[in-house]
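The values are calculated or read from the model by the stated rules, or taken from the named source; none is laboratory data. Everything quoted here is computed from the prediction, not taken from an experiment. Cβ: placed from backbone, ideal geometry, glycine included. Neighbour counts: every protein chain shown. In case anyone asks, the SASA skips ligands and DNA or RNA and just uses the protein heavy atoms, side chains included. Shrake-Rupley method; radii C 1.70, N 1.55, O 1.52, S 1.80 Å.
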Amino acid sequence: MISWHRRVASTLSFVGFVWFAVSLWPCGIAIAQNADAGAGSPDGVWSGTAMYNGQQVPLHLEITGKGDHVQGALINGKEKSLSSNGSYSGGHLVLHFDYFANSIDATLKDGALTGTFSSRTRSLPITLRLKAAADDPSPNPPNIAGAWEIAVKSPKGESAWELHVSQSGPEVDAVIQRIDGDTGNLYGTWRDGQFAVSHFTAAGPSYVVLRPQSDGTLKVITFSRSGSQELRAQRPEAARAEGLNKPDDPLQHTKLKDPAQPLAFSGKDLNGKLVASTDPEFKGKVLILSIGGSWCPNCHDEAPFLEDLYSKYHARGLEVVELSFEEEDQLANPERLRAFIQRYGITYPVLVAGTPDQLNEKLPQVDGLNCWPTTFFIGRDGLVKIIHAGYSGPATGSGNSDLRKEVKALVLKLLSENQRASLIGAPEAIAR
């Protein structure tokens, strides 16, 4: 039999244990709640969604580093959009993508990063988890690979867009080509009777639904900030059989009112110096004038190519000027434009000409000027030889490589002309 004093000791020990456990219980809750926040860094690849116009757009974010030296990368296939800077402290993650003036602000709790992807004009809710598994694809995916044309009535005057799809089983990589440029790569998987294709870059989300129809066409649903629209795509040969117009020719979309007159332009550089087309440094030079803005993803695609041309051919007489149209807040403090210049190592002049709605006011000599970018190729005689609307970026594959080859050939041709000569006839058409 256990002695009385041993029973008392056991009881007191049990009571002491219970008191100790109870006293720690709130701390234990706090420790569990703050386990995420106490981590040094949320390193790894996080996957989840952003809510965009009622749709859940896939988002993949790679995070490395710690403290005030956190690097974020938005992942889309093999592409990465790197953050300009970032920090993580006490469970709070902040990533800035200065070259698009966007940011991620999220809190890590219970294994989830929740917060927003925001700009000055919008804020999208996001939720991410570390190494989250994607849903399995649906069986028996239809083959939609190849070229399509999407019938549209665009405010830019277009009758059709191009759609190109590459496919491997249930996985597709699509790109839509408009007159002003392409959407970039859109990735998706066959699920529930449709391919929902998307990307999420530093510029934000892009989301399109491709739904095969029994008649061999595609129902195409595009989503934007302002809403959604439902369109119809068919193979190019079917579109021709119906008598539908082809996609616009980027060399014919924009024209000068009087091609015999030099194109006048002016703007201030970021030091406040006024630069104009009549300045002596442009006299007798070949000039590429690109109309764009740091808010424009297609302009971001074009900028490295223009810098490459400038660095190679400036010594032979090539000038490049970016005429940038920025929103009011960026005119007051062009932080995004500075980040844009830094990101691509731009050394040619970048001039601020006004706000986007002032485009036609600032360039009244031009008809059909509504694409970002629009690029003017000017000869040594000061006259415009070619106007190219839009830019086919890397996502277009051969469209991009063909365009680069044709532009390089055009630049070399223009450089070979002496100051008083002008081109006889138009150069061979630039492929998109």
So residue 228 ticks every box in (1) exposed (fewer than 14 other Cβ atoms within 10 Å of the Cβ); (2) among the polar types (S, T, N, Q); (3) touching a residue at least 24 places away in the same chain (Cβ under 8 Å) but one. Which box is left unticked?
(1)
Of all the residues that make up the range 234-267, how many are within 15 Å of residue 383 (Cα to Cα), part of a strand (DSSP E or B) and among the small types (Gly, Ala, Ser)?
0
Any residue in the range 210-224 that's farther than 17 Å from residue 146 by Cα: show its pairings with residues that are outside any strand (DSSP E or B) at Cβ separation under 6 Å, as long as the two are six or more apart or on different chains.
223/53
Go through (1) free of Cβ contacts under 8 Å to residues at least 60 places away in the same chain; (2) within 30 Å of residue 167 (Cβ to Cβ); (3) within 19 Å of the chain's Cα centre (by Cα) and name the single condition residue 85 misses.
(2)
Answer with yes or no whether residue 111 is more than 22 Å from the chain's Cα centre (by Cα) and touching a residue at least 12 places away in the same chain (Cβ under 8 Å).
yes
Any chance residue 133 is aliphatic (A, V, I, L, M), surrounded by fewer than 14 Cβ atoms within 10 Å (Cβ to Cβ) and outside any strand (DSSP E or B)
yes
Output the qualifying pairs, or none if there are none: Cβ atoms under 7 angstrom, residues six or more apart or on different chains, first residue in the range 285-307 and modelled with pLDDT of 95 or more, second residue assigned to a helix (DSSP H, G or I) and β-branched (Val, Ile, Thr).
286/411
Residues (of a type outside the set (Lys, Arg), touching a Phe, Trp or Tyr at 6+ places or on another chain (Cβ under 7 Å) and under 14 Å from residue 297 (Cα atoms)) located in the range 177-191:
177, 180, 181
Filtering the range 305-321 down to residues that are hydrophobic (A, V, I, L, M, F, W, C) and open to solvent by less than 50 Å² (accessible area, probe 1.4 Å) yields 305, 306, 309, 318, 320, 321
Might you let me know whether the range 185-200 holds any residue that is touching a residue at least 60 places away in the same chain (Cβ under 8 Å) and either of a type in the set (Val, Ile, Thr) or under 14 Å from residue 161 (Cα atoms) (or both)?
no
Counting only residues that are in contact with a helix residue (DSSP H, G or I) (Cβ under 8 Å, 6 or more places away or on another chain) and among the polar types (S, T, N, Q), which one in the range 273-304 is surrounded by the most Cβ atoms within 10 Å (Cβ to Cβ)?
294
Right, residue 270: part of a loop (DSSP other than H, G, I, E, B) and open to solvent by less than 30 Å² (accessible area, probe 1.4 Å) or not?
no
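What do you reckon, is residue 247 within 30 Å of residue 353 (Cβ to Cβ) and either modelled with pLDDT of 95 or more or open to solvent by 40 Å² or more (accessible area, probe 1.4 Å) (or both)? Walk me through it before giving the result.
Numbers: within 30 Å of residue 353 (Cβ to Cβ): yes; either modelled with pLDDT of 95 or more or open to solvent by 40 Å² or more (accessible area, probe 1.4 Å) (or both): yes.
For residue 247, the condition - within 30 Å of residue 353 (Cβ to Cβ) and either modelled with pLDDT of 95 or more or open to solvent by 40 Å² or more (accessible area, probe 1.4 Å) (or both) - is met.
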Just for the range 142-173: of the residues that are in contact (Cβ under 8 Å) with a residue 60 or more places away in the chain and closer than 18 Å to residue 77 by Cα, which one is most open to solvent (accessible area, probe 1.4 Å)?
164
What are the residues in the range 370-405 that are in contact with a strand residue (DSSP E or B) (Cβ under 9 Å, 6 or more places away or on another chain) and assigned to a helix (DSSP H, G or I), if any?
394, 395, 396, 399, 400, 403
Which of the residues belonging to the range 252-293 are of a type in the set (Lys, Arg), in contact with a Gly (Cβ under 7 Å, 6 or more places away or on another chain) and within 24 Å of residue 315 (Cα to Cα)?
285
What about residue 177, is it assigned to a strand (DSSP E or B), open to solvent by 10 Å² or more (accessible area, probe 1.4 Å) and farther than 30 Å from residue 97 by Cβ?
no
Out of 394, 373, report the one residue that is open to solvent by less than 60 Å² (accessible area, probe 1.4 Å) and either modelled with pLDDT of 95 or more or under 25 Å from residue 273 (Cβ atoms) (or both).
373
Search the range 322-369 for residues being part of a strand (DSSP E or B) and open to solvent by 20 Å² or more (accessible area, probe 1.4 Å), and hand back the single one that is nearest to residue 300 (Cα to Cα).
352
Over the range 193-235, the set of residues β-branched (Val, Ile, Thr) and under 18 Å from residue 54 (Cβ atoms) is 197, 208, 209, 220, 221, 222
